[in-house]
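Here's the structure, in structure tokens; my notes come after.
Every read-out reported here was derived from the displayed coordinates using simple, explicitly stated rules and does not represent laboratory data. Keep in mind it's a predicted model, so treat the numbers as computed, not measured. Using ideal geometry, Cβ is built from the backbone for each residue, glycine included, and neighbour counts are taken over all protein chains shown.
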Amino acid sequence: MPSSIKDRLTVTHEYVFHCVKSRRYYYNLDAIREPHKVQWERSKYNAKTRETKTTEAFEHGKIRAFGMPPSNIKPNPLGKNPGSFWSISTKPFPEAHFAVYPPSLCVRPILSSCPPNGVVLDPFVGSGTTCLACELINRQLWDKLDYVPNETARRIKWNLKWIGIDIVPEYVEMARRRLSPYIHQKKLEIFLMEE
């Protein structure tokens with residue numbers, strides 16, 4: 001949450017520690033790539049016909065740049081690396097928990113570092129935001145996450161499992177209530193047709 005400092009610049013960022021436990025780890029950068037702001041087109045000039053033909057085009061963006069990009073820039077056709085600064089809006093939460101974060105904060109770490117059919121562990125589950133993000137990703141409810149996925153992420157059937165741990169019983173119950181619509185099977189009504 002942004003601080004309420006009145007006599008100097010407001011601190012409007014927080015650190016998210018994204019850690020792994022081994023040197024070899026799964027990381028799917030393509031699942032979280034963002035569209036390029038500039039569209040580069042590679043062209044070839046045909047001396048016989050005196051025509052320039054576009055041979056490759058990259059993601060659409062707001063600005064269009066023609067010709068070859070500088071030789072040291074090789075844009076990935078799937079998009080750019082999102083980098084380490086993400087702008088994410090805060091969201092209200094109706095229950096009493098002092099450290100609730102928006103589900104959209106979880107999306108990039110989950111999509112990039114948990115493989116499809118993988119397990120997401122939240123050892124401080126609190127209000128269940130991480131688990132909720134997993135359920136929304138599984139159902140491809142991107143609008144509820146305030147996240148626009150790229151084509152790679154949209155095509156994957158995630159089927160994520162999750163484990164949430166907390167030592168505060170009130171928080172566990174809060175998370176259970178929040179996740180209830182996603183984890184409890186609805187009653188099945190069986191209608192028998194008479195012959």
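Sorting E34, E135 by the number of Cβ atoms found within 10 Å of their own Cβ, with the fewest placed first, yields E34, E135. Between amide H atoms placed 1.01 Å from N, distances below 5 Å from W162 occur with V120, all of them 5 or more places distant or on a separate chain. The gain in end-to-end length when the S180 to S4 segment is fully stretched comes to 59.9 nm, 0.36 nm per residue minus the alpha carbon separation. Past 26 Å, Cα to Cα, is the threshold; run K80/K157; K74/K161; K37/K74; K91/K161; K80/K144 against it and keep the listed order. Where the Cα-Cα span goes over 26 Å, the pairs concerned are K74/K161.
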